[in-house]
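Trainee: Here it is, the structure, as structure tokens.
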Amino acid sequence: MLLLEAVIVSVIAASTPLLLAASGELIVERAGVLNLGVEGMMIMGAACGFAGAYLTGSILIGALCGIAAGAAMSAIFATLTLGLAVNQVATGLALTILGVGLSGLIGAGFVGQKIVPAAHLYLPVLTDLPFVGRILFGQDAFVYMSIALIIAIRLFLFRTRLGLVLRAVGDNHASAYALGYPVLRIRLCAVLFGGACAGLGGAYLPLAYTPFFVSEMTAGRGWIALALVVFASWRPGRLFGGAYLFGAVTILQLHTQALGLDIPSQLMSSLPYLATVVVLVLISRTRGAAGSAAPACLGLVFVPDR
Amino acid sequence: MRLMLEPRAERSALIAVAAPLIAIALSLVTAVILFAVMGKNPIVALDVYFVAPLTDPYSLGEIAVKATPLVMVAVGLSLCYVANIWNIGAEGQFLAGAVAGSWIAVSTNGSGAGHWVLPAMLLLGALGGALYALIPAICKVRFGASEILTSLMLVYVANLGLDYLVRGPWRDPHGLNFPMTADFDPVATVPTLFDGSRVHAGSIAALVVVMLAAVFLGRTIMGFEIRLVGAAPRAARFSGFNAERLVLFTFAISGALAGLAGIVEVAGPVGHLQPGISPGYGFTAIIVAFLGRLNPVGILIAGLFLALTFIGGEGAQIAMKVPLDLTKVFQGILLFYVLACDSLIVHRIRFVGMTRKPAHAAP
């Protein structure tokens with residue numbers, strides 16, 4: 001029981017950064033923009049988040065720095081893809097390359113430093129409940145926030161007028177524009193929101209997951225978040241499940257090592273990446289006949305005529 | 001008044017030529033600001049980065065050594081990108097080629113094998129890279145899985161696979177427990193061209209690759225098909241070109257070139273297999289491909305320029321205590337400017353008044 005509890009707690013911790021980053025990207029892609037720079041925005045969120053928390057001693061300020069860094073990175077992306085109608089795939093790649101370099105530069109002075117990680121919730125009696133106590137009532141603020149965020153996104157997309165407009169922009173930008181909706185401005189907001197979420201997801205790593213910063217510590221989580229959005233067929237509910245599934249795969253490798261199984265550690269470490277490939281194949285295959293669930297204008301450049 | 005983007009009636013030939021140069025100039029300006037912010041003298045920094053490596057023969061040779069894999073990989077990638085096919089896992093294919101080719105070097109090590117070893121390694125390296133690249137290609141044509149994500153995921157897998165081999169079965173028993181294979185035999189090594197320099201025969205191979213690619217893209221049906229699919233996918237479909245075959249073909253070619261670059265790097269300048277044989281060649285090659293405007297000759301020039309930033313970055317790290325990550329930042333900024341300038345070839349920016357109906361008008 002205790003082991004299972006520990007496993008579940010660690011799965012939640014591993015899933016949270018994926019869920020945060022993927023939630024933001026879900027909104028971005030629903031608005032018809034493919035931002036492949038999630039990895040770059042996450043690692044910048046990690047570096048700036050750690051720097052902010054280390055310098056001020058406040059996890060909250062660290063998280064805000066991470067959010068700001070992610071949003072600032074996504075603003076560069078928006079300038080190019082929305083303002084200058086540049087190819088989104090290439091720009092997203094550039095954003096990742098820049099983010100990895102810039103975070104190394106910013107984080108260089110902080111490598112080897114430690115902070116006090118984000119506090120975990122403690123409610124008397126509730127947190128002390130056997131088994132469920134720590135899982136339900138003993139997490140840090142990021143975890144609760146990631147869950148609130150995905151619920152809010154679900155309500156926003158399918159229960160509000162603005163959510164409907166956002167989906168319309170993603171599915172048919174020309175019609176949405178003809179109806180008078182400011183396509184580029186809506187997309188700009190979506191991209192900035194996605195950047196902020198990716199920054200927060202990145203900041204989670206040094207602020208709560210491991211209380212220190214190392215360069216390239218996101219280790220491909222941004223790309224896995226992108227795959228998660230595809231896996232979830234662009235639906236918030238499935239995204240939630242997918243993020244926890246992938247978190248579980250990440251944790252699996254740690255626990256098989258603890259069990260002393262004679263499997264090369266590198267094979268276990270590559271599991272999340274192999275799982276992503278397999279899942280993408282399975283999802284794409286089953287969907288093949290019914291047509292893609294992707295927003296129809298995903299990745300397409302939109303240049304308004306006057 | 002506000003800025004608006006509108007399509008040009010015709011591509012601007014002037015800007016098409018000037019775009020990469022404008023991008024480089026803007027990047028240099030940004031670099032100057034960055035140096036100033038970091039408290040370094042920008043003039044000295046620019047000299048260390050971009051001028052000093054050009055002034056001594058050894059550094060010039062090092063530029064050629066670094067440019068060799070960049071150009072080879074980027075030429076392959078450009079074939080994909082021209083056709084709007086997104087192989088971004090060249091780094092993994094580079095490593096896969098290095099591992100596949102090294103297999104012969106490791107298993108013949110010290111056995112006195114003949115001169116067939118190096119050609120066999122090169123062949124196997126290219127084959128390994130091609131097969132590794134075909135995984136995402138097949139996932140795409142058979143199942144419709146996004147090649148962007150699958151090809152990138154396989155980079156991490158290749159890194160871990162290489163790590164396993166050099167720490168486990170292939171580790172040099174006399175290597176003081178360092179994670180590397182034994183040094184390759186002379187018959188398994190790419191020969192150098194000059195004494196006192198690390199420039200090797202692979203650089204000539206890269207030049208040949210550039211020439212072959214130029215002929216292939218400009219003068220063959222398949223090359224035409226690649227360009228047509230990229231420029232006008234609908235027209236290509238109506239004229240009966242097989243898009244799936246093209247995905248497999250471009251992935252295989254780009255993977256083979258990346259794999260070849262990988263084994264040449266291992267059997268040339270490095271001399272044995274170890275983790276970290278690539279300082280991100282596969283990713284920098286993406287920048288090279290775009291900076292070279294997806295044109296083989298342009299890629300050659302762009303490859304030399306980005307090699308200069310690697311060498312300059314190493315020099316700056318030693319001379320000015322600047323972190324090596326600054327090179328990556330510079331390369332990332334450069335790619336942004338390249339993409340932005342490319343947009344101006346097909347678009348122009350205009351000032352317009354606020355004549356359009358209010359944006360929030362009810363539908």
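The values are calculated or read from the model by the stated rules, or taken from the named source; none is laboratory data. All figures in this text were calculated on a predicted structure; none of them were measured in a lab. Here the Cβ positions follow ideal geometry from the backbone for every residue, glycine too, while neighbour counts run over all protein chains shown.
Trainee: Tell me, which residue of region A:118-162 that is among the β-branched types (V, I, T), farther than 19 Å from A:A14 by Cβ and surrounded by 12 or more Cβ atoms within 10 Å (Cβ to Cβ) is nearest to the chain's Cα centre (by Cα)?
Mentor: A:I153
Trainee: Next question, about the same structure. May I ask you to list pairs of residues, at least six apart or on different chains, whose Cβ atoms are under 8 Å apart, with the first in region A:193-215 being touching a residue at least 12 places away in the same chain (Cβ under 8 Å) and the second being acidic (D, E)?
Mentor: Close Cβ pairs (under 8 Å, with a partner that is acidic (D, E)) amount to A:G194/A:E25; A:C197/A:E25; A:A198/A:E25; A:A208/A:D140; A:S215/B:D325.
Trainee: Return a yes/no flag: does region B:210-221 have any residue that is under 28 Å from B:L304 (Cβ atoms) and in contact with a Gly (Cβ under 6 Å, 6 or more places away or on another chain).
Mentor: For region B:210-221, residues under 28 Å from B:L304 (Cβ atoms) and in contact with a Gly (Cβ under 6 Å, 6 or more places away or on another chain): present.
Trainee: Quick one: in region B:159-200, which of the residues that are buried (at least 17 other Cβ atoms within 10 Å of the Cβ), among the small types (G, A, S) and under 25 Å from the mean Cα position of the chain (by Cα) is nearest to B:G125 (Cα to Cα)?
Mentor: Among them, the one singled out is B:A188.
Yes or no, residue by residue, for (1) among the small types (G, A, S); (2) in contact with a Cys (Cβ under 7 Å, 6 or more places away or on another chain); (3) farther than 27 Å from A:F110 by Cα:
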{"residue": "B:L273", "(1), (2), (3)": "no, no, yes"}
{"residue": "B:I299", "(1), (2), (3)": "no, no, yes"}
{"residue": "B:A302", "(1), (2), (3)": "yes, no, yes"}
{"residue": "B:T309", "(1), (2), (3)": "no, no, no"}
{"residue": "B:A319", "(1), (2), (3)": "yes, no, no"}
{"residue": "B:I333", "(1), (2), (3)": "no, no, no"}
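Trainee: Still on this structure, I have one more. Could you please find all residues in region B:314-329 being within 18 Å of the chain's Cα centre (by Cα) and surrounded by fewer than 23 Cβ atoms within 10 Å (Cβ to Cβ)?
Mentor: Across region B:314-329, the qualifying residue is only B:D325.
Trainee: Of the conditions (1) buried (at least 24 other Cβ atoms within 10 Å of the Cβ); (2) closer than 24 Å to B:I148 by Cα; (3) out of contact with any Lys or Arg (no Cβ under 6 Å at 6 or more places or on another chain), A:R30 clears all except one; give me its number.
Mentor: Failing condition for A:R30: (3).
Trainee: Tell me the helices (runs of 4 or more DSSP H) entirely within region B:201-255 that contain at least 2 residues that are under 20 Å from the mean Cα position of the chain (by Cα), within 25 Å of B:L124 (Cβ to Cβ) and modelled with pLDDT under 95.
Mentor: Answer list for region B:201-255: B:202-219.
Trainee: Sticking with this one: Looking at region B:269-311 only, could you name the residues that are closer than 23 Å to B:N177 by Cα and part of a helix (DSSP H, G or I)?
Mentor: B:P269, B:V270
Trainee: Also, I was wondering about something else. Output yes when any residue across region A:215-228 is within 14 Å of chain B (Cβ to nearest Cβ), crowded, with 24+ Cβ neighbours inside 10 Å and over 12 Å from the mean Cα position of the chain (by Cα), and no when none is.
Mentor: No: region A:215-228 contains no residue that is within 14 Å of chain B (Cβ to nearest Cβ), crowded, with 24+ Cβ neighbours inside 10 Å and over 12 Å from the mean Cα position of the chain (by Cα).
Trainee: Search region B:254-280 for residues that are within 21 Å of B:V117 (Cβ to Cβ) and pair each with any residue that is of a type in the set (S, T, N, Q) when their beta-carbon atoms are under 6 Å apart and the residues are at least 6 apart or on different chains.
Mentor: B:G259/B:Q93; B:V266/B:S102; B:A267/B:T189; B:H272/B:T181; B:L273/B:S102; B:L273/B:T181
Trainee: Follow-up question, since we're still on this one. Looking at A:G195, A:G180 in this structure, which one is at pLDDT 90 or above and either more than 11 Å from every other protein chain (Cβ to nearest Cβ) or more than 15 Å from the chain's Cα centre (by Cα) (or both)?
Mentor: Criteria check complete, one pass: A:G195.
Trainee: Let me ask something else. Taking A:A90, is it in contact with a Leu (Cβ under 9 Å, 6 or more places away or on another chain), in a helix (DSSP H, G or I), within 8 Å of chain B (Cβ to nearest Cβ) and at pLDDT below 95?
Mentor: Considered against the rule, which asks whether it is in contact with a Leu (Cβ under 9 Å, 6 or more places away or on another chain), in a helix (DSSP H, G or I), within 8 Å of chain B (Cβ to nearest Cβ) and at pLDDT below 95, A:A90 comes out as yes.
Trainee: Take the residues of region B:1-19 that are part of a helix (DSSP H, G or I) and within 14 Å of chain A (Cβ to nearest Cβ): which is farthest from A:L98 (Cα to Cα)?
Mentor: Among those that are part of a helix (DSSP H, G or I) and within 14 Å of chain A (Cβ to nearest Cβ), it is B:I15.
Trainee: Which condition number in (1) within 14 Å of chain B (Cβ to nearest Cβ); (2) buried (at least 22 other Cβ atoms within 10 Å of the Cβ); (3) within 28 Å of B:D325 (Cβ to Cβ) is the one that A:F231 fails?
Mentor: (3)
Trainee: Which condition number does B:G129 fail, the rest of (1) touching a residue at least 40 places away in the same chain (Cβ under 8 Å); (2) surrounded by fewer than 24 Cβ atoms within 10 Å (Cβ to Cβ) being met?
Mentor: (2)
Trainee: Scan region B:271-291 residue by residue and report those that are of a type in the set (A, V, I, L, M) and more than 13 Å from chain A (Cβ to nearest Cβ).
Mentor: Scanning region B:271-291 gives B:L273, B:I277.
Trainee: Any residue in region A:57-84 that is in a helix (DSSP H, G or I) sitting within a Cβ distance under 9 Å of a residue that is of a type in the set (D, E) and at pLDDT below 90? List the pairs, counting only those 6 or more apart or interchain.
Mentor: Once the first residue is in a helix (DSSP H, G or I) and sits in region A:57-84, its partners that are of a type in the set (D, E) and at pLDDT below 90 give A:I59/A:D140.
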